[in-house]
């Protein structure tokens, strides 16, 4: 049997758009009761894919509140848009969530992408190249804040002067998940990620891992330190035919974390329940 460095885990994205607070509590509690290993929000200020005037609660404050409604699952955001907040503010927010959740937080982050949203709320939207540079600097800053008593940083996009930062994360290494696929993003992932989140198919995934390994070699990092997270929509939970073979094929390509949109209800939700209780535990044992 093949040996895997990272354990097999399953998570669900329960993004807060179109949900009320009581509905979110119910959905998150159900996901944890079903045994999912992680539960995720998204980071947007307006609802997507449906009525833009629908409800959409703010991410960090919501994540802290939902930490109190769960007790076991890892929790995070898939993914924070780096351009939405100064990195020192985001660092404080995610460490607060790490304390509130007793060490269950994952920092999911990307370069930011939704130009319409930035324009609507008066948030600057730099070029794609600048956004990648900003993300790299932001991650450097957060690594320093998480580990040093005081941080001074003089970058092209961000500056900090003798900034104190306490408390530190509960976790010795607060995991960083980075979403991205373009070549420059893969370099950032090689430098900073504990988890690479991607929607690539198995062959494309292997190609990306080979590129990441080359970038890791340039900086002297072991590429096996970076776990792979494969993201899907709700369809794979709602229509379970071929689910086990899907997981096995992606696992063989290098994935260890599998994330799905949580079905809203009806037969799709019933299918997700059956997979979570009957199939996923078997796969965890088989592909441990």
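The values are calculated or read from the model by the stated rules, or taken from the named source; none is laboratory data. Since the model is a prediction, treat every value here as computed from it, not as a measurement. Reconstructed Cβ throughout: ideal geometry from the backbone, glycine too, with neighbour counts over all protein chains shown.
Do we find a residue being without any contact (Cβ under 8 Å) to a residue 12 or more places away in the chain and surrounded by fewer than 19 Cβ atoms within 10 Å (Cβ to Cβ) anywhere in region 46-58? There is at least one residue in region 46-58 that is without any contact (Cβ under 8 Å) to a residue 12 or more places away in the chain and surrounded by fewer than 19 Cβ atoms within 10 Å (Cβ to Cβ).
Evaluate the following for residue 284: is it surrounded by 13 or more Cβ atoms within 10 Å (Cβ to Cβ), part of a loop (DSSP other than H, G, I, E, B), modelled with pLDDT of 95 or more and out of contact with any strand residue (DSSP E or B) (no Cβ under 6 Å at 6 or more places or on another chain)? Taking the combined requirement at face value, the residue does not satisfy it.
Could you check region 203-215 and list, in sequence order, the residues that are within 21 Å of the chain's Cα centre (by Cα) and under 16 Å from residue 176 (Cβ atoms)? Result: 212, single match. When restricted to residues that are assigned to a helix (DSSP H, G or I) and touching a strand residue (DSSP E or B) at 6+ places or on another chain (Cβ under 8 Å), region 24-59 contains 4. Would it be correct to say that residue 116 is surrounded by 18 or more Cβ atoms within 10 Å (Cβ to Cβ), on the phi < 0 side of the Ramachandran plot and free of Cβ contacts under 8 Å to residues at least 40 places away in the same chain? Judged against the criteria, residue 116 is not a match. Taking the condition surrounded by 22 or more Cβ atoms within 10 Å (Cβ to Cβ), under 13 Å from the mean Cα position of the chain (by Cα) and not in a helix (DSSP H, G or I), does residue 10 pass? Here the answer is yes, as residue 10 does meet what is asked.
Tell me whether region 249-258 contains one or more residues that are under 21 Å from residue 14 (Cβ atoms), assigned to a helix (DSSP H, G or I) and either free of Cβ contacts under 8 Å to residues at least 24 places away in the same chain or touching a strand residue (DSSP E or B) at 6+ places or on another chain (Cβ under 7 Å) (or both). No, every residue in region 249-258 fails to be under 21 Å from residue 14 (Cβ atoms), assigned to a helix (DSSP H, G or I) and either free of Cβ contacts under 8 Å to residues at least 24 places away in the same chain or touching a strand residue (DSSP E or B) at 6+ places or on another chain (Cβ under 7 Å) (or both). Cβ-Cβ contacts under 8 Å between residues 6 or more apart (or on different chains), taken from a first residue in region 69-85 that is within 14 Å of residue 106 (Cβ to Cβ) to a second residue that is at pLDDT below 95 and surrounded by fewer than 19 Cβ atoms within 10 Å (Cβ to Cβ), are absent. For region 214-235, the candidate set comprises residues that are in a loop (DSSP other than H, G, I, E, B) and without any contact (Cβ under 8 Å) to a residue 12 or more places away in the chain; within that set, the residue that is surrounded by the fewest Cβ atoms within 10 Å (Cβ to Cβ) is 220. For region 19-36, the set of residues classified as at pLDDT 95 or above, in contact with a helix residue (DSSP H, G or I) (Cβ under 9 Å, 6 or more places away or on another chain) and either farther than 20 Å from residue 278 by Cα or buried (at least 20 other Cβ atoms within 10 Å of the Cβ) (or both) consists of 21, 24, 25, 28, 31, 36, listed by residue number.
Criterion first (surrounded by 13 or more Cβ atoms within 10 Å (Cβ to Cβ), farther than 24 Å from residue 173 by Cβ and modelled with pLDDT of 95 or more) does residue 259 satisfy it? Judged against the criteria, residue 259 is not a match. Of the candidates 137, 143, 161, the single residue that is surrounded by fewer than 16 Cβ atoms within 10 Å (Cβ to Cβ) and closer than 23 Å to residue 95 by Cα is 161.
Just one of the listed residues (95, 89) is surrounded by fewer than 19 Cβ atoms within 10 Å (Cβ to Cβ) and farther than 24 Å from residue 231 by Cα, namely 89. Within region 270-281, the set of residues being out of contact with any strand residue (DSSP E or B) (no Cβ under 9 Å at 6 or more places or on another chain) and touching a residue at least 12 places away in the same chain (Cβ under 8 Å) comprises 271, 273, 274, 277, 279, 281. Output the number of residues of region 75-127 satisfying the condition of being under 13 Å from the mean Cα position of the chain (by Cα) and more than 16 Å from residue 178 (Cα to Cα). Residues in region 75-127 being under 13 Å from the mean Cα position of the chain (by Cα) and more than 16 Å from residue 178 (Cα to Cα): 1 in total. Among the residues of region 135-167, write down those that are touching a helix residue (DSSP H, G or I) at 6+ places or on another chain (Cβ under 6 Å) and within 17 Å of residue 97 (Cα to Cα). 142, 145, 165 - these are the residues of region 135-167 that are touching a helix residue (DSSP H, G or I) at 6+ places or on another chain (Cβ under 6 Å) and within 17 Å of residue 97 (Cα to Cα).
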